[in-house]
Amino acid sequence: MDQNTAVTHMTRGHRRTVLLVLGLVMAIVLAACGGDGTDTATTVADTAGADATEPAETTPAETTAAAAEEPESETTAPTEDTTAEGGEELGADELPTFRTVNQENLFSLAAVVAEAEGIFVDNGVNVEHIFNPSGADRAALVIGGSGDASILGVGSGMRGFVNDDWHFVGTMVQAGGANALSCNPELGIESVADLAGQGLGLAAADGSGTYLTFLEIIAPEFGLEPSDWELVNLPTSERLAAVASGSAGCMLNQEPILTQAAEEGLAEIVEDGIYDAYDLNHQVLYVSTAFLESEGGEEATVRFVKSLHEAADVIAADPAAAAQTYIDLLGERGIDVGDEAELIQIGVEKQGYQICIGDDFRENLQLWAEIQVGLGELEEVPDFDQYVEWELNERATGGC
């Protein structure tokens, strides 16, 4: 494998080494102490998940030219016959291995739990996990045929429709409850409306789903204009340090950073700036069109999505146990989270792991498409019935 892709592989037989590397404790200390915020390793921001659509260095469409060609198709392949001769269900080894390109953070928790609990095995699908932190790199791997699926924010994910590179098959995370506006308590910001006329530095990532949600949806609801704040363009891992140092008065951030900031007295969550009221920050699961159309690809995808759906139920039933599974696997990777285990549990509880898609997701797609058209990222609102696998998802999850 090309070392430049900087990915590691894990097969089903190595289930207990799946865990994503996190530098939780060091990042919290660095941010709280006002360190330089440089990402020299995986940070607490990676634990919570970077913004749903951190700006990509290249778009999926731009990477297509350098990627392997894929067969073009107007529609998805018809429902497959998943039975072997004699009427028996096809075994995992009779289907293609499902190669999922994951982020190294809690956005991928459903896949972690499904692997650790043997859910993939139970559902008869072989899964290979490829870890890569960059949204652009993950998209390139899928387009180029080195991976079959990954996750992106809704807006960025739609760019893959331009060349029919992939289809949406479900969602991985609804991050609304874990995202919020948080401000230096000394400023007395009790509502989003209090930002009016302040010109405060707002730490966020320009072009990210988190920032676009604030810019396009939340701020207008409170009568704000972009001139009411000054964007301090920073990645997730550097924003708390910016607030602590005074270079920004507020930040858009996520759990568990928000809780840690409040405990340290560095920043307080603005209650009407919590994102769950807007439910826009989806991470979508997309699968390459080529894989869906390959022999056995649709059935392997159904089983993968079904496994994530069952894992999401496990997480919802006992978030503390799911967090502990994560922590145990960290320990097997030689990482001791120590007293910070509670923060991981908070991150798990505040994220929403819902895999099924329904009418609310269709409305969300429409809204994000209009935003992307307005930004010039898309020429027109896509035909979601062409690019979203509604029936496949219902088959896998039973519907929302």
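Per-structure values
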| read-out | value |
| --- | --- |
| Filtered residues of the stretch 133-152 (kept if aliphatic (A, V, I, L, M) and outside any helix (DSSP H, G or I)) | Ala149, Ile151, Leu152 |
| Residue match in the stretch 228-246 (condition: in a strand (DSSP E or B), free of Cβ contacts under 8 Å to residues at least 40 places away in the same chain, more than 26 Å from Val348 (Cα to Cα) and of a type in the set (S, T, N, Q)) | yes |
| Set Gly118, Gly197, Gly144: member being surrounded by fewer than 21 Cβ atoms within 10 Å (Cβ to Cβ) and assigned by TED's automatic domain parsing to the domain that holds Glu255 | Gly197 |
| The stretch 366-396: number of residues that are touching a strand residue (DSSP E or B) at 6+ places or on another chain (Cβ under 7 Å) and either in a helix (DSSP H, G or I) or surrounded by fewer than 21 Cβ atoms within 10 Å (Cβ to Cβ) (or both) | 3 |
| The stretch 247-259, residues that are part of a helix (DSSP H, G or I) and either touching a Phe, Trp or Tyr at 6+ places or on another chain (Cβ under 9 Å) or surrounded by fewer than 23 Cβ atoms within 10 Å (Cβ to Cβ) (or both) | Thr259 |
| Residue match in the stretch 151-167 (condition: surrounded by fewer than 22 Cβ atoms within 10 Å (Cβ to Cβ) and β-branched (Val, Ile, Thr)) | yes |
| Lone unmet requirement of (1) within 19 Å of the chain's Cα centre (by Cα); (2) in contact (Cβ under 8 Å) with a residue 60 or more places away in the chain; (3) surrounded by fewer than 22 Cβ atoms within 10 Å (Cβ to Cβ) for Ser307 | (3) |
| Counted residues, the stretch 200-210 - those being crowded, with 21+ Cβ neighbours inside 10 Å and outside any strand (DSSP E or B) | 4 |
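The values are calculated or read from the model by the stated rules, or taken from the named source; none is laboratory data. Everything numeric here is computed off the predicted structure, so don't read it as measured data. Heads up, the Cβs are rebuilt from the backbone with ideal geometry, glycines too, and the neighbour counts pull from every protein chain shown.
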